[in-house]
Amino acid sequence: MAITWQDIHKEALERIHSRDWAPGALIPNEADLAAELGCSRATVNRALRALAEDGWLERRRKAGTRVAMAPQRRARLAIPILREAVEARGQSFAHSLLSRETEAMPPLERALLGLSAEAVTQRVRTLFLADGQPYALEDRWVHLDGAPGFAAQELKEVCANEWLVQHTPFARGTMDYLASPAGPFEARHLGCPEGTALLAMERATFSPDTAVTFVRTHFAPGHRVRLEL
């Protein structure tokens, strides 16, 4: 049976855990590992890249590969689909498209995405419901060149959040959680007094070539976020 990169990954991880490869130690090069383990160099490379992405190894060109001084898995966050979050709570999901306009993005958001003033963008506001009650309010800017096909979508059956996750690959992004007081718009749609402290999420995502979207989501009072380590 051919040795897979997953086999190499498992073997390397065992060596790290057993301290055969100690923190900070330089590990054998790819060619030596391939010869030792009876596989191709490409297979070894794939396994070591995965370990580096997870934070176990530090790879530097011409300096070799070392075990990280404090090996640990890096947190990986998927872009949340709000429908799935609501349904995971055993509640029925619905969304309402409040507004959709093709307009210029404000300077702050444009700077966050690194876009020029000439970039064509749409602003989409959506209310999400759980069992008929306000769950979250999304204020989203979409860079149309970064999301081909988005402008033609009605966003009635599938909301902007879910459509973008399904149809627009992203290479990187940022995600911030913060406390934000409810303004008139948030208070009206989330059913709370103005000034109520709300949990808000701001996220920017980028394709390999350009910016895709910036979204600010306010959650209804009492919302909690749970992350698994």
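The values are calculated or read from the model by the stated rules, or taken from the named source; none is laboratory data. Quick caveat, the model's predicted, so the values are computed rather than measured. Cβ placement follows ideal geometry from the backbone for every residue including glycine, while neighbour counts extend to all protein chains displayed.
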Looking for something touching a strand residue (DSSP E or B) at 6+ places or on another chain (Cβ under 9 Å), surrounded by 11 or more Cβ atoms within 10 Å (Cβ to Cβ) and in contact (Cβ under 8 Å) with a residue 12 or more places away in the chain - is there at least one such residue anywhere in region 32-41? no
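Here's the yes/no breakdown for (1) loosely packed, with under 10 Cβ neighbours inside 10 Å; (2) touching a residue at least 24 places away in the same chain (Cβ under 8 Å); (3) touching a helix residue (DSSP H, G or I) at 6+ places or on another chain (Cβ under 9 Å); (4) closer than 29 Å to Met201 by Cβ:
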site	(1), (2), (3), (4)
Leu57	no, yes, yes, no
Arg125	no, yes, yes, yes
Gln133	no, yes, no, yes
Ala136	no, yes, yes, yes
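Consider Glu157 carefully, then state whether it is buried (at least 18 other Cβ atoms within 10 Å of the Cβ), more than 17 Å from the chain's Cα centre (by Cα), of a type in the set (Asp, Glu) and not assigned by TED's automatic domain parsing to the domain that holds Asp54.
Working: buried (at least 18 other Cβ atoms within 10 Å of the Cβ): no; more than 17 Å from the chain's Cα centre (by Cα): yes; of a type in the set (Asp, Glu): yes; not assigned by TED's automatic domain parsing to the domain that holds Asp54: yes.
Considered against the rule, which asks whether it is buried (at least 18 other Cβ atoms within 10 Å of the Cβ), more than 17 Å from the chain's Cα centre (by Cα), of a type in the set (Asp, Glu) and not assigned by TED's automatic domain parsing to the domain that holds Asp54, Glu157 comes out as no.
For region 170-202, enumerate the residues that are assigned to a loop (DSSP other than H, G, I, E, B) and surrounded by 14 or more Cβ atoms within 10 Å (Cβ to Cβ).
Keep residues of region 170-202 that are assigned to a loop (DSSP other than H, G, I, E, B), which gives 170-171, 182-183, 191-196.
Passing the criteria: Phe170, Ala182, Cys192, Thr196.
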Considering residues of region 75-114 that are surrounded by fewer than 16 Cβ atoms within 10 Å (Cβ to Cβ) and among the basic types (Lys, Arg) only, the residue farthest from Leu190 (Cα to Cα): Arg76
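If the requirement is being hydrophobic (A, V, I, L, M, F, W, C) and either modelled with pLDDT of 95 or more or within 17 Å of Thr213 (Cα to Cα) (or both), which of these qualifies: Ala75, Ala68, Ala88, Ala94? If you could, list the steps in order and put the result at the bottom.
Numbers: Ala75 fails: either modelled with pLDDT of 95 or more or within 17 Å of Thr213 (Cα to Cα) (or both); Ala68 fails: either modelled with pLDDT of 95 or more or within 17 Å of Thr213 (Cα to Cα) (or both); Ala88 fails: either modelled with pLDDT of 95 or more or within 17 Å of Thr213 (Cα to Cα) (or both).
None of the other options fit; the residue is Ala94.
Please enumerate the residues belonging to region 12-24 that are over 16 Å from Thr65 (Cα atoms) and in a helix (DSSP H, G or I). Talk me through it step by step, then tell me what you get.
The initial filter retains those residues of region 12-24 that are over 16 Å from Thr65 (Cα atoms), namely 14, 17-18.
Matches in region 12-24: Glu14, His17.
Can you name the strands (runs of 3 or more DSSP E) wholly within region 72-154 that have at least 2 residues being aliphatic (A, V, I, L, M) and either within 30 Å of Leu57 (Cβ to Cβ) or under 20 Å from the mean Cα position of the chain (by Cα) (or both)?
Here the list reads 133-143.
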